Each structure stands twice: as structure tokens, then as C-alpha cells.
Amino acid sequence: YLKISKLALAFAIIHSKPPGKSSKEYTEHLAKTVSEQDFGWKWKVEVLEAEVLRLRQELLLNRICPRFRLENNTSAETLLNRESINPTSHSSQLEDSGCDVSNDSAFNSLGIASDFHQSERNVKVPPLNLCHSSKEQSLTAPVQFLQHLLEIRKLSEGGILQADFSELENDSFTICNSVSQLLDGLTVFYNNPKFPASNFLTEAVCVLVSLITDTKLSNHVLKKCFKKLEEFKKNLIQIILRNSSVNRFQALHSVSQTLVLLGKNNVLRNSLISLLLSEVRQFAEQLLQAHQVQFVYDITQYENIFPLCMILEQLLQNETEESNVSSSDYEGEEKIKFLKNLDQIILHLSEEFPLFSLYLWRVSVLLNSAQMQ
């Protein structure tokens, strides 16, 4: 039936083709026309889906706290045309994102505390700062929703609002979709970054970090979005390892900073340490094998492994300094694999690769010291 249908379509195209055009040209013209129509429908569907998500986000916020509402009921498209209401300057390397991940001061960096008045009948929130980049447009809805969620959390903690965060359990789709869109948007930017990064992208990272470090909201997010967050961390690690552009170090620094900030959450830190241990161990074994048989190794990959080593060292130091965190929380299997035969690897690589060997030794010292505590 399929063959007959294709044959019939071919005859129809040949029979109806205009004069002066070959069958191939006419077929390509028809295919392009249909494709454009499909693209138009897909775009309309995406717009409608985005609007549905925005309405679900507003509904969920209203269920959590009926007194909380936007100052202007503004759609994402209108918000894109507004200027930043709280412009801040950030370094092009994002060395300091301007956000303190502690619960007390995370919201001050977003410039939102002064927008609320306890005496008002309804708490009004100004629309979120947004900009015109196409990459950032996909981040509009999730950042706006999650920032308002954090604002309600802060105000309820201060006794200004009464909020019921159990509603997050009843609408897992909205919270999952919002976090997923935020992570996907950040991944797109890190895959092809442009510097200096805009304030909005820095603010998006700040919102993500505040969300996963908030004591009340992080459990809801981790429970519903743990797999997506794990995928996000793996993507960032691969972005570091695979980046081969000449001027890549500025971008690698930004990705590294984001991974370190994600490591502020104990649950994410444990799994992140395991991922980093696995990547560094595998590279060390490959480098040793190449060294022993005198194969040429990839100098770019060798350079890119150092950001992972520095992230790993910093996370292990943070873990050792926090007495309330057990060193056995993250998977012991990766720790055992990493330490196995490590002395021999360092011995063979130390002369040719002294800096990498030094990092391996420092990581092993931190692992052993944490094990003894």
C-alpha cells in the first residue's frame, strides 16, 4: 500500500508540475511549502504551550499564597521589551554572580526586598528583568515563576505572608517543567556562550542556586527534578571536557563556577563528586596508557581536565570543613576506584605530567582525610 501511495504521489506531482520546471524542482518546492506550514503550526503550538505554562504558574502561585499577585498581568512577550529595573554590573567571567547562597541574603542580591509592604492588602511584585536575546527568551517563564516562588518563601519566613507550599506536591508538572526549561536554557547558553554575559543570565543562575539551597523548597525540587539536575551536571562536565575553542577558558570558568554553586546542596554535591571522580580517574588511566605506549595524547583534553580537578578539590574541601556532612554520603564505589592503584599512576606520570600528578595527589589526600574523620 505504501509503495502504491508513493507511486501515485509521484505521478500526481509529474502530472501537475508547471511548465518550465522539472519534477525534482517541483517536488522540492512542494516539500519546502509543506515544511513551512509545519513550522508555522509548530510555532503556534509552542506559543500556546508557553501560555498554558504561564497560566499554570500563576495559578500555582495563587494557590500557594492567594494574596500574592503580579503588579501587572504581563505576558512573556511584553516582558521582553521592558528594561531592567535593577541593573547590576557583573564581571565578564562571572567570578562573582552577586548571589549569596545563604537563605538570609540570597534575595537581597535580586533586589526584591524593598518591593513589598506588609500593610498592603495584596502583595504586588514588579515584573522580572528581561532582555532581548533569543537564548534568554526561553528562560523568561521559568525564571519569573521560580523567582516569585522564592519571594513568597522569603516573605512567609518573615511572617509577612501565609503560604502553603504543600501545593507544590499537587502540581508536579508545573515545577518540573519550569526547572527543566531553566536548565535547558542554561545548557544552550553554556554550549555556545557569548561574553560578557548579560545580567539576566547571571540572575538565572542565581535563582537556580537560591532554589536548590533553600531549606524548604529544595526538597520539593530535588524530589521531582533530581534526574534533570543530574543530567544538567553531566552536560556541564561534558561541555568542559569537549570544548576545543581557542578562547575557551573564560567559558570554562563560568561553567566551573556554576558546578561549584550547585555543589552547595549536599545531595547534588555528593553525586557531583562521584561524577568528577569517575571522569578524572578515567582520564588518568587513559593518559597513563598513552604514556606507556608512547601514543600522542590530546593536549586540549589534558588542559580541560584541570577545571574538573579544581572543582573536585573545592567540593572535597567544603565537605571536609562541614562537620555535619558525612564523607560516606557520596558513593563509596567511585572513591575506591579512584584510590585503587593511584600511587602507581602518580609515580609513572609525575615526571612527564607533574601538575596533573600534583592534583591527583591533592585529591587523594582530601579523600583519605575525609575517610579518617
### Message
For R63, R248, give me the order by solvent-accessible area with a 1.4 Å probe, most accessible first, ignoring ligands, DNA and RNA.
### Response
R63, R248
#### Entry: Solvent exposure, largest accessible area first (probe 1.4 Å, DNA, RNA and ligands not counted), of I273, I14
I14, I273
### Task
Calculate, in nm to one decimal, what R67 and S350 gain on full extension: separation in residues at 0.36 nm each, minus their alpha carbon distance.
95.5 nm
### Task
Hey, can you find the accessible area per residue of segment 139-264 for me, probe 1.4 Å, expressed in square angstrom?
37 Å²
### Task
Return a single number: how many Lys pairs in segment 139-264, at a sequence separation of 8 or more or on separate chains, have alpha-carbon atoms below 30 angstrom apart.
28
### Task
Report the extension gain between E313 and L222 in nm, rounded to one decimal, defined as 0.36 nm multiplied by the number of residues separating them, less their alpha carbon distance.
30.3 nm
### Summary
1/(1 + (r/R0)^6) with r = Cβ-Cβ of F39 and V365, R0 = 41 Å, i.e. FRET efficiency to nearest 0.05, evaluates to 0.15
### Query
Fully extended, how many nm does the chain gain between Q292 and H15 (0.36 nm per residue separation, minus their Cα-Cα distance)?
92.9 nm
### Rounded Å value of the spacing that divides the Cα centres of segment 3-53 and segment 331-367
58 Å
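The values are calculated or read from the model by the stated rules, or taken from the named source; none is laboratory data. Every value quoted in this text rests on a predicted model; they were computed, and no experiment measured them. A quick note on method: Cβ atoms are made from the backbone with ideal geometry, for glycine too, and the neighbour counts reach across all protein chains shown. Quick note on the areas: whole protein, heavy atoms, side chains included, nothing else; ligands and nucleic acids left out. Shrake-Rupley method; radii C 1.70, N 1.55, O 1.52, S 1.80 Å.
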